[in-house]
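Asker: This structure is in structure tokens; I'll ask about it shortly.
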Amino acid sequence: MTTYPYLGAGVGLRRDHYSALAATERRLDWLEFISENYMFHGGRHRQVLLEARDRWPLIPHGVSLDIGGQGEPNPEYLDDLARLAADLDAPFVSDHLCLSRVGGTYTHELIPLPFRAEVVEIVARRAKAIEERVGRPLLLENATYYVEMPGGQMDEAEFLCRIVEESGCGLLLDVNNAYVNSVNHGYDPRAFLERLPLDRVGYVHLAGHRIETRALIDDHGSAVPEPVWDLYRFLLERTGPISTLVEWDANLPELDRLLEEADRARSILAEFGAPALPTPAAKKGARL
């Protein structure tokens, strides 16, 4: 069983924050970045990653793996991801448990999968092959879904359990996604979490959502709301401290406001016995 390193509380690396990150002296434990935004680029964006690597652990988080799609994962994509992860010494890589291609075309959407035994078999086989080719442990994220895909044979909790059991991969547990799905589909989010293989959670996502008349919308466009913080505490009561990433992608605030959310997560982690981490030193003259 893979033991995932404890990274503390981090935020997403976004271009709007390059300069502010270079100048900040506030506490920040680690950064997650969208793999595809950096896999195929040199120049300033690659330099940003290399300079950030000298200050913080970096985790590639993808949106195009298409692990549940009709076609096999793109081998060139996997090779590029492997090189990127090696360059940054990433302890693991992550992506979404979904499909993202239709008819061979990337949709730029995270399309939910039918909760079926055949899909479990496909995803588990591919996850093993991806880990071998990339050379890093793979974590798969539970996605939001607004309708259940036809042909389901089980619920999401059983689906996630079986994928982890049969593939040996880990979970990136998005607490906001679990909460949004629970409200939209009418089930108890705490009971959902208790059914998951929590010992296989490598890290956690926290994010905001938008409240509309008929549903909650997972838009990452606001601060983490109190019900998600409450569910996060419920999780940590059962797992102890887990690396935590605050996502805020739309309506992006100033870096200091984003770091306030990470500070709150770090404070909660400390309540549950999080180990002390060295303070990353500010790097003089860094541009980012």
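The values are calculated or read from the model by the stated rules, or taken from the named source; none is laboratory data. Values in this document were obtained by computation on a predicted structure and should not be read as measured data. Cβ atoms come from the backbone with ideal geometry, glycine included; neighbour counts cover every protein chain shown.
Asker: Mind listing whichever residues of the range 236-261 are among the hydrophobic types (A, V, I, L, M, F, W, C) and closer than 18 Å to PRO275 by Cβ? Don't jump to the end; show me each part of the working.
Answerer: Taking the range 236-261 as the starting set, the residues that turn out to be among the hydrophobic types (A, V, I, L, M, F, W, C) are 236, 242, 245-246, 248, 250, 252, 255, 258-259.
Of everything in the range 236-261, those that are among the hydrophobic types (A, V, I, L, M, F, W, C) and closer than 18 Å to PRO275 by Cβ turn out to be LEU236, ILE242, LEU245.
Asker: Quick one: count up the residues across the range 232-272 that are without any contact (Cβ under 8 Å) to a residue 60 or more places away in the chain and either surrounded by fewer than 15 Cβ atoms within 10 Å (Cβ to Cβ) or over 17 Å from ARG210 (Cα atoms) (or both).
Answerer: Residues that pass the stated criteria total 18.
Asker: Mind checking which helices (runs of 4 or more DSSP H) fall wholly inside the range 151-230 and carry at least 2 residues that are farther than 20 Å from PHE115 by Cα and either in contact (Cβ under 8 Å) with a residue 12 or more places away in the chain or in contact with a helix residue (DSSP H, G or I) (Cβ under 9 Å, 6 or more places away or on another chain) (or both)?
Answerer: Details: elements: 156-167, 175-185, 189-194.
Because the criterion is at least 2 residues that are farther than 20 Å from PHE115 by Cα and either in contact (Cβ under 8 Å) with a residue 12 or more places away in the chain or in contact with a helix residue (DSSP H, G or I) (Cβ under 9 Å, 6 or more places away or on another chain) (or both), no helices (runs of 4 or more DSSP H) in the range 151-230 meet it.
Asker: Further question on the same structure: Taking the range 131-164 as the search range and keeping residues that are polar (S, T, N, Q) and under 17 Å from the mean Cα position of the chain (by Cα), which one is nearest to ARG200 (Cα to Cα)?
Answerer: ASN142
Asker: Can you give me the ranges of the helices (runs of 4 or more DSSP H) entirely in the range 1-108 with at least 2 residues that are without any contact (Cβ under 8 Å) to a residue 40 or more places away in the chain?
Answerer: Numbers: elements: 18-23, 36-39, 43-53, 75-88.
Because the criterion is at least 2 residues that are without any contact (Cβ under 8 Å) to a residue 40 or more places away in the chain, the helices (runs of 4 or more DSSP H) in the range 1-108 that meet it are 36-39, 43-53, 75-88.
Asker: Let me ask something else. Quick check: anything in the range 146-157 out of contact with any strand residue (DSSP E or B) (no Cβ under 7 Å at 6 or more places or on another chain), modelled with pLDDT of 95 or more and among the polar types (S, T, N, Q)?
Answerer: Within the range 146-157 (the criterion being out of contact with any strand residue (DSSP E or B) (no Cβ under 7 Å at 6 or more places or on another chain), modelled with pLDDT of 95 or more and among the polar types (S, T, N, Q)), the answer is no, since none of the residues qualifies.
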